[in-house]
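Some notes on the structure that comes next.
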């Protein structure tokens, strides 16, 4: 759980940021009602300030989406994707198809593809082509000279490191069955994290729905692993029934500890989901805030937030790798914990 | 510098203000809730992830890990083979060394034996030569003494004959030749006896 303090701090920072922004925003809305928000400059600062002001006024008047906010569109999902363009802003929004919502038992689920769905698909395709190509190249190189080299060798080294140093020691004996799932988790999260760092990309893993689903899948895998490894003994991981205590102690202990055990079981995937989501989102908010400062300063002082944005971007690269690693590591640890008979 | 600080602070405030509508959008719009789950996205995530696990485990991780395990097994096998080969080679070498040592010892034994036999033969031959020499000497000495004896006998008969002839000549007339002869013979026998 060594990553816990970092992500907790980040979550706290995010919450604080959101809270203060909400308060200040409410205040701002009160104090300057329909006036042209001067922050329009943020989006269009490449043009002269006056022109920008006018353009912003026009844009705001024509009723597009909120131009003041550069951060929210970047960290939230939408029904449009950004694609490269050869003309002026070098970006073009392409609307994704909207499908009619599906009704499942009273719930309405909108299955139409969103930006994050596209990013997840892209990540999946990248991972598939990369790893399948690696497997092919490796097979060919094995036939030729008995060992792997170059790019395939690097990917193979990553796979082997995760497998031999992270998965197998933590999952415990006969852990080979979990290797494909955990390796997929690592490469998929890593690629999705990285996709948020490139231009026109978006961080699907910065969306709570995605991380919650991944955590839920992990939870199911963990619990099934526990059931398969322990049989009826699996119930001991929920119901606390110490055999070495007198009955008079056993009953109150059962009543006190069992809810805690259950809460612990549910808290682990919850922590997984929140950790990944918060790390990805917070980093992007910080980077975007610094980018906003660059355009606001509009002078030589812009160099400071520019350098800071670059530094945070490097940190983000590291965090992207770290969070994928941590997710995989913790999933392995949880599987290993539930598989060994404990309590 | 204070101006820069001021600008920085005001910029921070400003960004907070400008970002604010993201979290507290005007009354008419729905506020953005980052923690609100989206069922459709969850469904797609589930679908994509499960498909990814199936595809990757079938087409990527299985062959990848199998190849690595085969390589490890091959390395292990070749290491074991090399160890066995080295053991066999050293055993063979020890055997060769032993055989060489034995052959050398045998050769030395043969040389020593030959030398001893030669020495013995030489001694024997020398001894035999000496004995033969002594024998020859002895025989020669015996023959010489035999010849001498015979010569003496011969000489004595000759001398007797000559003496008889001379004495016969002297006393031819007066003496019975046989009686005289007996006389002389007796005399000679006494001489011989003395």
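Points worth noting:
- Of the helices (runs of 4 or more DSSP H) lying entirely inside the range A:130-227, those carrying at least 3 residues that are surrounded by 24 or more Cβ atoms within 10 Å (Cβ to Cβ) are A:179-195.
- Selection from the range A:148-175 of residues that are more than 22 Å from the chain's Cα centre (by Cα), modelled with pLDDT of 90 or more and within 18 Å of residue A:340 (Cβ to Cβ): A:168, A:169, A:170, A:171
- Qualifying residue in the range A:266-274 (condition: out of contact with any helix residue (DSSP H, G or I) (no Cβ under 6 Å at 6 or more places or on another chain) and touching a residue at least 60 places away in the same chain (Cβ under 8 Å)): yes
- When residue A:271 is tested against (1) over 23 Å from residue A:73 (Cβ atoms); (2) modelled with pLDDT under 90; (3) in a helix (DSSP H, G or I), only condition (2) is not met.
- Residue in the range B:38-57 that is part of a loop (DSSP other than H, G, I, E, B), facing chain A (nearest Cβ under 7 Å) and on the phi < 0 side of the Ramachandran plot present: yes
- Residue count for the range A:130-160 satisfying the condition of being more than 10 Å from chain B (Cβ to nearest Cβ) and closer than 16 Å to residue A:188 by Cα: 1.
- Pair list, Cβ under 9 Å, 6 or more apart: the range A:283-301 residue without any contact (Cβ under 8 Å) to a residue 12 or more places away in the chain, other residue surrounded by fewer than 19 Cβ atoms within 10 Å (Cβ to Cβ) and not in a helix (DSSP H, G or I): none
- Filtering B:66, B:82 for residues that are closer than 30 Å to residue A:154 by Cβ, within 14 Å of chain A (Cβ to nearest Cβ) and surrounded by 10 or more Cβ atoms within 10 Å (Cβ to Cβ) leaves a single hit, B:66.
- For the range A:309-317, the criterion of being surrounded by fewer than 17 Cβ atoms within 10 Å (Cβ to Cβ) and outside any helix (DSSP H, G or I) is satisfied by no residue at all.
The values are calculated or read from the model by the stated rules, or taken from the named source; none is laboratory data. Note that this is a predicted model, so its numbers are computed, not measured. When we count neighbours, we look across all protein chains shown, and the Cβ atoms used for this are built from the backbone with ideal geometry, even at glycine.
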